[in-house]
Amino acid sequence: MTEFSSPELSAGNEDLVNYREPSRAAIAAVILGFASILAISNQIFWFVPIVGVIVALIALRNIANSDHLTGKGVATAGLILSGVLGATGVAHDLITAQAIESNAVKFASAWLPLVVENSQEAHQLTLAPGGRVALDGNLNVYYSENPEALEKFGEFTGLAPVKWLQEHQSPKPHFKFLRVAQTRYDAGRPYTTCIFDATAGDLHREIAVEMCRLAGTKGSDFDYEWYVTNCRFAREE
């Protein structure tokens, strides 16, 4: 019997023998790596780089333990992308949160003395920027000519901390920042609550001021503007 041998067939068989299948986990890892850029935009996407790192490590382990899988470079790229973009997202959110809290403290520190010195201006700063009147105008006239605004101002001065500060104006109250109690998000807007120690003579009360940050209004010189959404005693006595 004569044996037939084909060089082309032998080469093809050799290619089949040496063929290594691309790792699906490695492909998924690099896709998740690129998708990890979403973690920079919102905390809700922090899970993407975490999953990307896990999938990349699984892919690298499977490739190392297999004779027919390839894609080590792809899995490594996915691991690096997920790690770098995930860390960038966390750092971005931490820096943003620190900036928000710092600005909230500055705003509240300036607002509390206004409650004592100029309660009408203080009340205006409890309104969203679009609903305020110019603080350099005559607020006495504004309130006297607007019964609805005057009613809301009466509600403001009736708040327990505001009333307490109004009743203890001499000696002049002093305010000491204690801590940021919380920062929560509602409809994408940050609401930060700061706690202050208010001292009037020998009396001390802890006052909690909650503020909301909004995008600056048209024509404003600021990218963001704050307003007070709640003022209460941090601890009832």
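The table that follows gives values for the structure above.
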| item | result |
| --- | --- |
| C-alpha center-to-center spacing [region 136-159, region 21-92] in angstrom | 58 |
| ARG189 accessible area, assembled protein chains, probe 1.4 Å, Å² | 110 |
| Computed [θ] at 222 nm, deg cm²/dmol, the chain (DSSP H ≥ 4; -39,500 (n - 2.57); rounded to nearest 500) | -16500 deg cm²/dmol |
| Accessible area of PHE222 in the full protein assembly, 1.4 Å probe (Å², nearest 10) | 140 |
| Accessible area (Å², 1.4 Å probe, nearest 10) - VAL74 | 60 |
| Derived scalar couplings ³J(HN,Hα) [region 197-203; Karplus, 6.51 cos²θ - 1.76 cosθ + 1.60; whole Hz; x for Gly, Pro] | 9, 9, 10, 10, x, 8, 9 |
| Under-19-angstrom lysine pairs by C-alpha in the chain, whenever the two are 8 or more apart or on separate chains | 4 |
| Computed over region 154-237: relative contact order in percent, which uses C-alpha pairs under 8 Å that are six or more apart | 24 |
| Solvent-accessible area per residue, Å², over region 63-106 with all protein chains present [probe radius 1.4 Å] | 56 |
| Over the chain, relative contact order from alpha-carbon pairs under 8 Å, at least 6 apart, % | 14 |
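The values are calculated or read from the model by the stated rules, or taken from the named source; none is laboratory data. These numbers come from a predicted model, not from an experiment. In case anyone asks, the SASA skips ligands and DNA or RNA and just uses the protein heavy atoms, side chains included. Shrake-Rupley method; radii C 1.70, N 1.55, O 1.52, S 1.80 Å.
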